[in-house]
């Protein structure tokens, strides 16, 4: 919207197109991770675009990307996927000056990007499966499609026998979503509370989690509780593995947890944590309200609903990505190659 | 000569001054008949470089700049006229200065500002131009934060730093390096400048920086190092002393005797070249007085050092730089972006590919 230059007649058709984009996005989201759904929406936008210049096209795409970023709780991976795609677009625009040729190239590259990303999960499953030894107990938390694919692949194609322990404290939490397909795939599953991970890790051999975003130094941003799990795993000498597609690599560099919370709050680059019915995703919902309304009554209880945390790279042993099995320091190498 | 006396201080300033001097040399140069410009110019540059090295050991950044310049001279298109060639070289030098020094500093300061948050307590050491820029820019961007400047003998560079920051309106505390562990307790970030960054992720910086980084690492305070990419070196140094063993022409060990102020004066902690300047500074800057005031004991100790040359078993060691290991550095801010220190060889490789592709 900030980029729409003047004109009152212009906003309405754009709004309609934005609504259509959002609908299409929600539809895609049923089956795919946020970033791929976002790319599909952007590709559809290019095809239906009425822009006549490359610049105009870029402006439309940017506006759509900004809108998508704010919409979902999966903001980080959407943001990084969109940014990568926009870079493809910009680079193509620099290489080809003819608009139609450029548009054609962008669509081609977009298709390639989409396919590459869809195949990423399969590739990650292949790379990561050998790390699950026979008889191992794997601890995981949260619901990650990549982790699910990896585990199912290891059990079926890799013919490994292992059990999975899911750390999940909420009755309706994402861990339950992970349990059913695993059981259907013939993998025994045990559920424990997140507070019991130290106990569960004694009998587990490795930890495997997914990520929402992988940051510049190889650390990850993911569901809250992952960082604790990583620290405990390190203290107990268990390897900690992360499975993540490369489009989740973001050029952010958090220094501590506060940096990640502020991303969620501002909703700027990484999208607000929309959450399910909670007023604020990652931000503290207590302090300001508590201070104001607590004037006459004395102290008020401050409740912070934190949904994301940052796991520092020295807790992570390896990352399974479609670019290969990487150490955390190799992530920056890949990012530099991707972005320059 | 200015450079030898220490009048021109600071890595970037020295490099820019050196390149300016080389531009003058190039402009004054005339190709002898029957010789190729590029080869002859290079041989003329060599004694100039040697002279500089004799004045004061060359910094890594200047070494990189000279390598770049020699490569440029060697790859000059042979068909260029002498005047064109000279103009081309001077333009290239200007380009180098503006791209890899000036613009790089601007990019670094923009990135650094994004890492300064409201309520931060930022510890820094001695004086680094890049850090000064970052702090100034963050202040102008409206961030509310405090700065702690730590400082040490013999140069007390931190004094210039705090004066400049206070002039901009920042909230500054100033302490000697002995207050390190106390300052680190309340610190949220450490910002350090660098002389060079090495291939193993280690950082060469003013002596004392390693202490600050180590203490910060221990206290879980992130250490951010600001360094332009032209200072990245392909060398690997394991600790602060072994540079000589690597056949490094830089002699990082400079021996400077400490002289005592002549008798009747109240004794002050001194070092040779800036003796008078120090005395004036003590008079004017009251904030420096508590530090200058370790006088009684200091005077006596220095008195016994004044004849150190006569004591055969005694050697004074005044190291200018030290090496901070990779694990203690959280992030390196360069014009390429914010990267972990382990990515330095990657950046060097990317730049080498760029320059060889040209």
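The values are calculated or read from the model by the stated rules, or taken from the named source; none is laboratory data. Everything numeric here is computed off the predicted structure, so don't read it as measured data. Note that each Cβ is placed from the backbone with ideal geometry, even for glycine, and that neighbours are counted across all protein chains shown.
Residues in the stretch B:49-77 that are assigned to a helix (DSSP H, G or I) and under 23 Å from residue B:320 (Cβ atoms): 15 in all. Under the condition of being touching a helix residue (DSSP H, G or I) at 6+ places or on another chain (Cβ under 7 Å) and part of a helix (DSSP H, G or I), which residue from the stretch A:95-110 is nearest to residue A:52 (Cα to Cα)? Checking each candidate, the answer is A:99. What number of residues within the stretch A:116-138 satisfy the criterion of being over 20 Å from the mean Cα position of the chain (by Cα) and within 22 Å of residue A:177 (Cβ to Cβ)? Residues meeting the conditions: 4. Taking (1) assigned to a helix (DSSP H, G or I); (2) more than 24 Å from residue A:87 (Cβ to Cβ); (3) modelled with pLDDT under 90 in turn, residue A:152 satisfies each apart from (3). Screening the candidates B:58, B:18 for the property of being within 30 Å of the chain's Cα centre (by Cα) and either modelled with pLDDT under 80 or farther than 19 Å from residue B:228 by Cα (or both) yields one hit, B:58. Looking across B:155, B:140, B:178, one residue alone is surrounded by fewer than 21 Cβ atoms within 10 Å (Cβ to Cβ) and within 17 Å of the chain's Cα centre (by Cα). It is B:155. The residue that is farthest from the other protein chains (Cβ to nearest Cβ), counting only those in the stretch B:220-233 that are over 13 Å from residue B:203 (Cβ atoms) and part of a helix (DSSP H, G or I), is B:230. Checking each residue in the stretch B:197-219 for being within 14 Å of chain A (Cβ to nearest Cβ) and more than 17 Å from residue B:341 (Cβ to Cβ) picks out only B:219.
For the stretch A:121-149, residues that are touching a residue at least 60 places away in the same chain (Cβ under 8 Å) and not in a loop (DSSP other than H, G, I, E, B) total 15.
Residue A:302 meets the conditions (1) modelled with pLDDT of 50 or more; (2) outside any loop (DSSP other than H, G, I, E, B); (3) away from chain B (no Cβ under 14 Å) in every case but one. The failed one is (2). Within the stretch A:305-340, the residues that satisfy the criterion of being in a helix (DSSP H, G or I), within 12 Å of chain B (Cβ to nearest Cβ) and within 21 Å of residue A:206 (Cα to Cα) are A:313, A:314, A:328, A:329. Suppose the filter is within 17 Å of residue B:76 (Cβ to Cβ) and at pLDDT 75 or above; does residue B:35 pass it? No: the conditions fail for residue B:35. Would you say residue A:208 is touching a strand residue (DSSP E or B) at 6+ places or on another chain (Cβ under 6 Å), part of a strand (DSSP E or B), crowded, with 17+ Cβ neighbours inside 10 Å and more than 14 Å from every other protein chain (Cβ to nearest Cβ)? For residue A:208, the condition - touching a strand residue (DSSP E or B) at 6+ places or on another chain (Cβ under 6 Å), part of a strand (DSSP E or B), crowded, with 17+ Cβ neighbours inside 10 Å and more than 14 Å from every other protein chain (Cβ to nearest Cβ) - is met. As a summary of the residue check, residue A:273 satisfies the conditions (1) away from chain B (no Cβ under 14 Å); (2) buried (at least 21 other Cβ atoms within 10 Å of the Cβ); (3) at pLDDT 90 or above except for the one numbered (3). Go through (1) at pLDDT 50 or above; (2) out of contact with any helix residue (DSSP H, G or I) (no Cβ under 6 Å at 6 or more places or on another chain) and name the single condition residue A:288 misses. Here residue A:288 clears every test but (1).
Which one is nearest to the other protein chains (Cβ to nearest Cβ) among residues in the stretch B:112-146 that are within 30 Å of residue B:320 (Cα to Cα) and part of a loop (DSSP other than H, G, I, E, B)? Step by step, filter the stretch B:112-146, then rank; the result is B:115.
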